[in-house]
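Below: one structure, written as C-alpha cells.
Every number in this text was worked out from the coordinates using simple rules, so none of it is lab data. Values in this document were obtained by computation on a predicted structure and should not be read as measured data. So basically every Cβ, Gly included, is an ideal-geometry build from the backbone, and we count neighbours across all protein chains shown.
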Amino acid sequence: MIFDYLSDDLYDVISLCLAHDHLLSIGIRTVNIIYRTSIATWTGKRVVCLGDYHKDDDLPEGMLTEEETAELAFDAESYTGSVYELADQGVVPDLRKLDSDFSMQIGRRDRQKLALLQPSYTTDDTWVLYNLSKHEYVRADALCDFSGYKWTDIFDRRIVVGFGTVLGARASWSSDGSVSMAYEGNLHRGVWAGDRFEITTLGRAVDREEWKDVSEEVIQELTEIWKSEYRNNWKKELAPPEPRSRHGW
C-alpha cells in the first residue's frame, strides 16, 4: 500500500487523502498513527518543565542515572549553554499550527475533508493522566467538573484546566522560586518533576488497581493557585468561554 511508503511525512499522506474520497477513507488510519507517534513522543519518558533560572547541578533527585549524569558532564565541556537551552533545541513542532498553515493552502472543500482527518478522542471511558513513576493518577472527569466543562472536552484547546495544567503545576522545576505569580507554594519544586507519564483511559490501563487516585488532591492545589491569582473572580476565570454565534461574533 502506497500509504506505507509515505508514513514518515504527515502532509504527503494528507495530500494523498485529499486526492479522492476513497483514498481519504483508507488513509485515515495512517494519519492517526502519525499523529499518535508525533504528538505523544513523551509517553513513558521523564517529563520536567525547567525554569529559565535552573542550574545544571540542580535536578530532581533520581531523575538521571549515573551514566546520564556522566554524559551530561562530558557534553558540558563542549556545550556553553545550559540544560534548559539544550532541551529547547529539541522541542517538537505544534502539529495543530502546522495543520492551520496547511489548510490555508487548500480549497474550501478540501478543508472540510481535512477536518475528518483530525484525531478523535471520543470515548465512553474517562481519560486519565497516569504518573508511571509514583503510581498515581488524575481523572479527566474530576478536572472538568472543577472547571465547568464536560469530561469529554478534556482535549478541547479552549479548556482552562487540563492535563497540561496539572503537569505545569506538578512537574515544574527551577533553582529560583520566582514564578511571577501571587501563589506562594513551591511550584518551582514540583512533586512530579522528572517522573514518567501516560495518558490513556481507565479501561485500557491494566494491573493498576493499587494505584492512588490523587484527583482531589490536585484539584485542591489548583484551587489554591487560582484563588491566589484571581481572588474573588477565580471561578469566573475557570469558566468555559461563551459559545460563538453562527456568524462567528
- request: Would you please give the residues with an amide H less than 5 Å from that of D195, counting only those at least 5 places away or on a separate chain, with H modeled from the backbone geometry?
  value: V47
- line: Computed on Cα atoms, Rg of the range 119-188 relative to 2.2 N^0.38 Å comes out at 1.27
- request: With a 10 Å radius around each residue's Cβ, average the other Cβ atoms per peptide and rank 60-71, 156-167, 207-218, 188-199, highest first.
  value: 188-199, 156-167, 207-218, 60-71
- line: Taking a ≥ b ≥ c as the square roots of the Cα gyration tensor eigenvalues, with a/c under 1.5 meaning rounded and otherwise prolate when a/b beats b/c or oblate if not, the range 113-249 comes out oblate
query: Ranked highest first by average number of other Cβ atoms within 10 Å, how do 169-179, 127-137, 227-237 line up?
result: 127-137, 169-179, 227-237
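Report D for the range 163-234 in µm² per second (integer): Stokes-Einstein, Kirkwood Rh on Cα pairs, 37 °C, 0.692 mPa s. Don't skip to the end; give the middle numbers.
Numbers: Rh = 13.9 Å.
Answer from the Stokes-Einstein relation: 236 µm²/s.
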- request: Once you have the Cα-Cα distance between I2 and V191, take 0.36 nm times their residue separation minus that, and quote the gain in nm to one decimal.
  value: 63.4 nm
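Going down the list K45/K236; K134/K227; K113/K134; K113/K227; K150/K212; K113/K150, which pairs span over 31 Å between their C-alpha atoms?
Working: K45/K236 35 Å; K134/K227 28 Å; K113/K134 42 Å; K113/K227 43 Å; K150/K212 23 Å; K113/K150 27 Å.
Violating the 31 Å limit, Cα to Cα: K45/K236; K113/K134; K113/K227.
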